[in-house]
Structure formats: structure tokens, C-alpha cells
Amino acid sequence: MKEPAGQACFLRMSRRDLLKAGLVCAISGFPCRALAAWSPSSGRNEKTITLNDAPEKLWEWSKEVRFQRASAGNVQCLTCPNMCLLPPNARSRCQSHVHKDGKLYTLVYGNPCAVHVDPIEKKPFYHFLPGTRSFSIGTTGCSFHCLNCQNWQISQVKPEDVNCYALYPEAAVEKAVEAKCRTIAFTYNEPTTALEYALDTFRVSRKRNVRGVWVSNGFINREPLLELCKNLSAARIDVKGFSDEMYRKLNAGRLGPVLETLKILKAEGVWLEMIVLIVPTYTDRMEMVKQMCGWFLKNLGPDYPVHFLRFYPQYKLTHLPPTSISFLEEARKTALSEGLHHVYVGNVPNAESNHTYCPGCKKKIVNRVGFSVTENRVKNGKCGYCGRRIAGVWA
């Protein structure tokens, strides 16, 4: 599940909205075309390479893709495990990369279609600089095609199909500093499709003491991920199920690369939080929850937070009911019984399981109302009651 891009300026953010947010970004002159979400053909949930679909000419926001290789007249993208092999003038599955004149180019460098200042809790991060704001950027494109996608209007379209804003890395970081944001986040769509933009932005932001945040499905190859980790402080990864069969059916993806991403992020010292959207008839299986949490404990340890989120009907799954709250609470109990220390239930207003409790004394140490922190008793990274160290980045 992708984080919502917000209500005020989703997709086509007006100049007034930009000014209200303190974000004076130049609007591109590129005409907006009708939105058209890709839909599965023949009942199959997968994307196909589109031949002869590259724009006639590259535009201002084109930049050569960093991880690619030539192969017998074709070009292969090495950014994510889809490993798209593109003949001339073809477009990748994510719809953001094209093969032109023997090289692979991204079409989403410095041209986000969603720009907001969000509370860090919206990502959600609960153990990373709580109560602070994050300058949040979204482009178009995604390496998956989730039937339940929340932001399909930007994740499942071409960059030419929406209004975008000229916001290059230096300008994005400057706006983040002006807005007093502690972090800059690539979010809303799948940021791996805009890797070059993120890499350059995080390099600049690190010099300004603005930390880089990655909100992703975790479907990225090892070498690009290691490059990303050089300037990355925190990552929130969607774990959409715990079997390849379910990933293919619900998301047109694969589980294995996502699990490898989690292990690499831990090894590289990046703060990590995970969300698990429970989709009725797909992932509402307690045995799956138990197996997943057992894997988390064994491979990541007990301290990285897990957020179980409630599904609401949308996109191609409008016929399904919302997730049972009782199942979410039972999933949380299962995760805690498996040995995980910090487990949350999200998308459920006023849930007691949305707060943070000390694994030692069990007292509430962070109180939240919606995306706002109303009380924080974590002092110098420790429980304010019993002194136990609480995992996270608190200052």
C-alpha cells in the first residue's frame, strides 16, 4: 500500500497550494494528457514492455539511467529485478524509462508530480525523528502493479500524462530547508523508478543535514541499493505478503528480492520500518503473519517496527470489504508473541495499538492522535519510566 499523496494538491497542485506550502516550484509547460491507468489483459496481473512507445524526443527531465547495459542492440535496465530488456524506442514496465539511440533514459529526473510537507508519521515512521516534518516528493511510475494501489493515478501512468513541476535536487533541498523539514522523502509512487533523481537529491541533502528517506516496495537490485544506502538514513518498506504466489497475484512482483532488500538495509545501518497491508481474501491469513514475523525476528531482530494496516476498497479491489479490525489486532498479538517488540495497527482511528509501548515496563511512551505526536516520553533514546533503550532514531 502506498502512502496517500494528500488532498490539497494531489497530481495537479495549483500555484496557490504551492505557495501555501511554501513551495514555489516552476510548473512545466508540458501539456497534461488524459489519465489512463494500465489494466491487466487476459486476466493476467502483469505489465508488458511497450514497443515504439518512447517519446519522439527526450525532454528537459531526461537523464541517462545509471544502472544499464547494452545487449545486441537492446538496452537492459539493471535498477530493479524486472530487468527490462528494451529494443530501440521501447518503454520499461515502470513507464518511466525509455531506450533512445542506444541508451536508457529516465523521464522523471527533477519533475515530480506531487510535492508536500508531511509529518514523518504519515510515511509511516514511528521510531524515526517523531514529531518532525518531511519534505515529500513523488514522481510517476512503479515496478509493481498492485490491484489495491492507493496512488494508481500517478504510479500506473506515464510522466507525460500528468502535470509535473521543475524541481531539481538543489532546489528540492533548499525548499526542504526553508520549510524546516528534518528529512526529504521519495514517496507516493515507487521511488526506485526515479533512482537517479533520488541519488542526487540525497547527496545534496546530506550536506545540508537533511536526512534522506525512502518509502518503497523494496524491489531493487543489490548494486543500486548499495549506492542508495551511502546517503540514506531511513527506509519504510512494504512487505505485501509472504509467498511468491501471492506477490504475483496481487502485485505482479516477487517476494525474494524484497526480503534481500531488508537484509541489505539492516547490514548498511539504515533505519528500517515495515508495513504489511492486510487485504481480505489475499493476505488475511494468520499463518502467513506468523511465518513473516518469524522471518523478521530471525533475519532482522526484534526491534524494527512492523505496521499492520487496514485495507479499504479501492482501485481494482472495490468489491472487497475493509479489513477486519479484530484480525489486525490478532495479527499484532501474533507478532508480539513471536518476539517482535514494536508492532502497530494503522488506518484505524484512535486504536490503542497506534501508540508506542516500552517492551520492558509496558508503559505507553509515545502517544499519537492521527499523524500527530501528543506525548513523547522517550528521553535520550530510553524509556522515560524504566530507562530501557528504545530502538530508533529519536533526535
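The values are calculated or read from the model by the stated rules, or taken from the named source; none is laboratory data. Because the structure is a prediction, the values reported are computed rather than measured. Cβ coordinates were reconstructed from backbone atoms using ideal geometry, including for glycine residues, and neighbour counts include every protein chain displayed. Areas reflect the complete protein model, heavy atoms only, side chains present, ligands, DNA and RNA absent. Shrake-Rupley method; radii C 1.70, N 1.55, O 1.52, S 1.80 Å.
Observations, loosely collected:
- Residue ID - nearest to residue 225 (Cα to Cα), chosen from residues in segment 238-255 that are among the small types (Gly, Ala, Ser) and open to solvent by less than 40 Å² (accessible area, probe 1.4 Å): 253
- The one condition in (1) open to solvent by 10 Å² or more (accessible area, probe 1.4 Å); (2) closer than 22 Å to residue 136 by Cβ; (3) touching a residue at least 12 places away in the same chain (Cβ under 8 Å); (4) not basic (Lys, Arg) that residue 216 fails to fulfil: (1)
- Of all residues in segment 374-395, none that is under 16 Å from residue 270 (Cα atoms) has its Cβ atom under 6 Å from the Cβ atom of a residue that is in a strand (DSSP E or B) and at pLDDT below 95, 6 or more apart or on another chain.
- Within segment 285-314, restricting attention to residues that are farther than 28 Å from residue 267 by Cα and buried (at least 17 other Cβ atoms within 10 Å of the Cβ), the residue that is farthest from the chain's Cα centre (by Cα) is 285.
- Flag if residue 93 is outside any strand (DSSP E or B) and crowded, with 23+ Cβ neighbours inside 10 Å: yes
- Scanning segment 156-175 for residues that are small (Gly, Ala, Ser) and touching a Ser or Thr at 6+ places or on another chain (Cβ under 7 Å) gives 166, 172.
- Residue 129 meets the conditions (1) open to solvent by less than 30 Å² (accessible area, probe 1.4 Å); (2) at positive phi; (3) out of contact with any helix residue (DSSP H, G or I) (no Cβ under 7 Å at 6 or more places or on another chain); (4) not β-branched (Val, Ile, Thr) in every case but one. The failed one is (3).
- Subset of segment 342-365 [assigned to a loop (DSSP other than H, G, I, E, B) and under 24 Å from residue 151 (Cβ atoms)]: 347, 348, 349, 351
- Residue selected from segment 342-395 under the condition aromatic (Phe, Trp, Tyr) and surrounded by 19 or more Cβ atoms within 10 Å (Cβ to Cβ), by the criterion farthest from residue 284 (Cα to Cα): 357
- Residue in segment 377-390 that is within 23 Å of the chain's Cα centre (by Cα) and not hydrophobic (A, V, I, L, M, F, W, C) present: no
- Only a single item in (1) open to solvent by less than 40 Å² (accessible area, probe 1.4 Å); (2) closer than 18 Å to residue 216 by Cβ is not met by residue 99, and it is number (2).
- Residues satisfying the stated conditions in segment 316-327, i.e. more than 25 Å from residue 125 (Cα to Cα) and open to solvent by 40 Å² or more (accessible area, probe 1.4 Å): 316, 318, 319, 321
- Residue within segment 111-120 that is in contact (Cβ under 8 Å) with a residue 60 or more places away in the chain, open to solvent by less than 10 Å² (accessible area, probe 1.4 Å), closer than 25 Å to residue 254 by Cβ and out of contact with any Asp or Glu (no Cβ under 9 Å at 6 or more places or on another chain) present: no
- Hits in segment 71-84 (condition: modelled with pLDDT under 95 and outside any loop (DSSP other than H, G, I, E, B)): 71
- For segment 166-197, filtering for residues that are buried (at least 24 other Cβ atoms within 10 Å of the Cβ), among the aromatic types (Phe, Trp, Tyr) and under 18 Å from residue 63 (Cβ atoms) leaves 2.
- Pairs linking a residue in segment 352-367 that is farther than 13 Å from residue 126 by Cβ to a residue that is assigned to a loop (DSSP other than H, G, I, E, B) and open to solvent by 20 Å² or more (accessible area, probe 1.4 Å), with Cβ atoms under 6 Å and 6 or more positions apart or on different chains, are 358/388; 359/341; 360/386; 360/388; 361/385; 361/386; 363/385.
- Selection of segment 328-341 for residues being in a helix (DSSP H, G or I), open to solvent by 40 Å² or more (accessible area, probe 1.4 Å) and either touching a Ser or Thr at 6+ places or on another chain (Cβ under 9 Å) or of a type outside the set (Lys, Arg) (or both) yields 329, 330, 332, 336, 337, 338.
- Of all the criteria given as (1) of a type outside the set (Phe, Trp, Tyr); (2) in contact (Cβ under 8 Å) with a residue 40 or more places away in the chain; (3) open to solvent by 10 Å² or more (accessible area, probe 1.4 Å), the one not satisfied by residue 231 is (2).
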